Structure formats: C-alpha cells, structure tokens
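Notes follow once the structure below has been shown.
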Amino acid sequence: MALADRFEELDKLVADQAVVDVVVIGSGYGAGVCAARLAEAGAQVVVLERGREFAPFQDRWFRRKRNVFPTTFEGFLENLQVEGTPLDGTLIPPHRLGLYNFYVGSDLDVVVGCGLGGTSLINANVMIRPDARVFDQTAWPGKIRDEAASGQLDTYFARAHDVLQPARYPEDRRTPRKLAAMESSGGYRNFLNVNYDESGTNSVGVAQPTCSDCGDCVTGCNVGAKKTLCYTYLPIAKSFGARIFVQCDVHHVERRDDGAWEVHFQRLESGAEHVKPDKVLRARTVVIGAGVMGSTGILLRSRDEGLPLAPDLGGRVGGNGDALAFAYDCDDRLDSVGYGRRLHRRHPAGATILGVVDQRQGALADGIIIEEGAFPSGTANALRKVLPFVGTFTGHETGQHPFRHLLRELWDGLKDVLGFDTRDGALNRTLLFLLMGHDGADGIIELDSRGRPKVTWPQLKDRDVFARENALAELVAKRVGGKFVPDPLAAKLFGNTSITVHPLGGCAMGDGAAAAVDHAGRVKSDTGGVYKGLYVADGSLVPTSLGVNPLWTITALAERVAAHAVVELKLAPDLASVPASAKLKAGATVSPWAD
C-alpha cells in the first residue's frame, strides 16, 4: 500500500478504546486540508475514508505503470455505485466502494468520487476563483463577508494555491484542437491542478510524472499527473504523522459525557455491507469532511441517534448551476475523445477541461461560464452508439446550411455506430460543455428509508439560469459549426431532471441560531450554540452557488476551518501562527506510488 495504513493498527485503537486527538472523516479537498494542517501543528490525526485506495504502482520488471482506474466501459460499470433509485440493490448491485458515486433524485442527480482523495480523483482539475461579489451575499456569515472585503480571506486562498500550484496548459506544447476552438470563441486557458513539470517531482516534493495529454482525467488518471489530494495535502498529512485508513464507512457521531466524541463506523470488505456500524473510535475533536452528501448524511443520522442539531441542517443545497450541453459533429475534428495512457503529441486531447468562456461581467445572478470537456476513452465506445440518437431527438442545427450538416452528421454518426474511422467520427468532432451559474441554492438534503441522503428540490426546474446557459452554449456551438444539443437529462425523453458534479451546501455556514455551522465550521446545536470539537470542512459549508468550479473555494475555506481548529486545540497561540507548509515535512519521503 502507499498512503493508507493497515487495518490492524486501527483495530488496536478501537480495541484499546484510545482517545485520539483528531479524527478526520473523508479525504477530499476539505478533509485532506484539515488532516495536513492539524498533523503539521502537532495533533495526533486519524483519517477515516469510506472508499478504496487507488494507488498506482511501478512494474519492477518492465518499468511501466499499470492501469489502476477503469479504462473500459465494463470497468466503469464495475466501479459504479448508485443510490436513491429502485434499481439500487436490484438491477444495480449494492457497492459502497465504487469510485463513481451517483445519488439519483427526482429533481437533481449528484455525481461525486469515492476513494482516497475524494472527488479529486475524478474531477476536471479546474482551479478558478469565484466573482468577489459572491462573498457579499448575506447568506454568508458576517465574519466571512468582512474578511472577504478586507482581503483577509485571501490568505486562505493563497495557502491553497501554494500547495496545489495550478498551471495553464503550456504554450510550448501543441495546442489541443478543442482548446483552440474555445479560444477562437472568446475563451481563455484555465488554471489546472495538473503536473506539467518534467522534473518528476511536484511542488509539494512528491514524485509525480508529467501530463501526457490523454484526456482521461474524469475517469481517473492512470498516468498519475493529476494533482489529486493523494499528491498534495494527504502526503503532507502523512509526512507529519497522520494515519490514514480506507474502507471505513462512518454512520454517525455521538457526544460523550466527558466532552469527547465517538465515531461509529464499519469496515467495508466487499462494499455490499448495509448494516449498522460495529466499531467506535474515540476522539477529542472530529472534523467531518465527507463531501456534501456524506457529511450531511452523517450529521442527519447523528441527529436521528440523539445528537441535538440546528434546524437548518440539510438546507441551502445547490448544484452550482451545473448543466451539460454539446456542440455535436462540428466542422473540424476536435480530438475530444481521450486516448487512455497512449501518448499522442501530434493530436493531443489535453486535460479534460482546458479553456473557459467567461460571462460574469454583468449582475452577479446572471453570471455564467462555459468550459469544454473531453470524453474519457473508457466511455467513448458506448457514447459513440448513444450520442447520435440523443443528437437526433434533442438537438437542433445552428449553422447556415442545416441540411448539408445533417447529411454530414448522419455519415459521421454512422462511422461511430459501425465502429470504423472513429477518430474522424462524430464524437471526436463534438465539444462537451460544462456550464455553471447561480441557481438559488435552496434545495434540501433528506434521508431516505435506508438512511442515505437524497436531494429534494422541485423549484430547480423553473430557474432561468439554465436558459441563459443554453443560449451561451448554442452561441459557441454555432461558432464551431456544431449541432446544439442541450442537456439531455433535462429533456422529457430522459426524465426532465438535472445533474451536478459540484454539489454545495447541506451543512451551510451562517450567523443565525438555525444555521447548521458557524463561520469557522463549528457544528451548532439545536439551541444555536456550537459544539466544542466538532467541525465540518468541505463543500457542504458553502451557503450559495459559486458560479465556477468550487475546488479552490472549498480548499480555502478548509484552510480557514483548520486554522481556527488549531488555535482552539491550543496548538498555536493565534491564527497568524498556524503552520501552513506547502511541502512535506523536512526529511520525509512520502509517495502515492506503491512498491
């Protein structure tokens, strides 16, 4: 194994009824930050992650890395876990260890990652800061608004930047065609958490190869070039002594009479376990960073088990205005289909997302952005069979010669369906769009009959943000000569629902007594007071939409939560003294690559 520790050590902590300093639940952008900062400050830290460790390793004989993440559609299905649908447990086997975690709802579907590193394993790496006006909104606590106005909040964004060290697609590489299409449509290059350094070591001090431009970011990077938490904050945490355990599913937390906390969890072997937890780990402080659905679910179950919590727990849920769209079968080949681990410098796909068209110049609520995406190689064959029919039934022509385009579209689609000349087929001429904006963030997370979280949000369908996003996507599709296909999931044919890869809220911070947590991520009781030693640190803290990819904001807020926790644990005298290294502990060697 690489970062994760062996279960025997955890079993001993449980059996000895030891009270550790800090238990961190989860390992994504919130939990990973807190694990690193609290360990760096001297706390005894234990990390519990529900998912598996996806640790690549080097073949000793052939000197090559073997695939760890799925590279075929069959592998994708084997790593799928679906919750909230009648298919769960029947046609789709229960699988609590699947990398791709889908929460299906009647109003909003949510997709997140499950594994050591959280959603960073399957995200598109984009690091972009929200419009400054986002933090002016009254949904944010007054202290956050004040720090944003004074520039003090910049400290935490800077700490996140120092560790993650994002970079734009290098000018000295051949520009991928899909990026060129976005730039010709008024876009610019995004900052990405991707390693383009040829030295073999990233800025944190961890061995990491450079990006091969394969385009497979969102099914998991088998090259190892994504700066996931496994290459950044988690190695820092490990180097300062944090112990990391995977396949531990936390059910709820409970407060003891002496003020310490009990974390009730179960070990997952097959991933099919759906019984109550049978293990308890005790801690003076607990940081819940299991993501929007995970953290909210843990606290809702904790309330059901008797922990008094604030009434707004589960509220202020948003999808960040997420929507999908396509420019189908554009005039030129775009190389928008990933290559797997094959290096293809002549026709690079690049990272999944490289560019953005930014329309945030007007009123805050009207601001939207659009980013292009690559189709990962493992899903390409299935998409080649499906997308021609989706385009036929839900799309409409945008160019000056619709009949001519239709004939070409039929021919290019036929190439895909029949499986010949696929590099010049319709899918490789298609731009996938991810759009973001402001959706009101007034959804609710509740527990279903099995104690699993689900989103209820009937008013989402009436939000005008999606019409504005479609208008922008159609304009870009017209510029690149593609047939505009709006979000297929929003069509009646496919269920008239929405999907988000950027869920926010559920444990939203706020000033009022009813808010789930306070400005420092401290969990509130039903009377409005805060519990000592119980924090939330992930996207569930965010009380509004952000209108951009949220990872930088989530990481910055987690840096802030960690700083307050370090001071409250008396590991530093004040916030200015909280240690915040951007590298491994001096002299330490930690690598996500297994031997």
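Rule-based calculations on the coordinates, nothing more; no lab input. The shown structure was predicted, so the numbers you read here are calculated from the model rather than taken from an experiment. Quick reminder, even Gly has a Cβ in these numbers, built from the backbone with ideal geometry, and neighbours come from all protein chains shown.
Pairwise Cα distances in the stretch 244-313 exceed 17 Å for 44 percent of all pairs.
Nearest-5 percent of antiparallel DSSP beta bridges in the chain? Could the numbers behind the result be given before it?
Numbers: 52 of 79 bridges.
Here the share of antiparallel DSSP bridges comes out near 65 percent.
Please list, in chain and number order, the residues 5+ apart from ARG168 or on another chain whose amide H is under 5 Å from its amide H, with Hs placed from the backbone. Residues meeting the amide H criterion: LEU192.
Over 29 Å between C-alpha atoms is what I'm after, so list which of LYS385/LYS478; LYS524/LYS570; LYS454/LYS483; LYS454/LYS524 land there. Kindly include the intermediate steps, with their values, before the conclusion.
On the way: LYS385/LYS478 24 Å; LYS524/LYS570 21 Å; LYS454/LYS483 34 Å; LYS454/LYS524 22 Å.
Result: LYS454/LYS483 exceed 29 Å.
Ranking PRO579, SER377, PHE7 by how far each Cα lies toward the positive end of the dipole of the chain (charges on Cβ) leaves SER377 at the top.
Here the Debye sum runs over all C-alpha atoms of the chain as equal scatterers in vacuum, and log10 of I(q)/I(0) at q = 0.08, 0.13 Å⁻¹ comes out as -0.51, -1.42.
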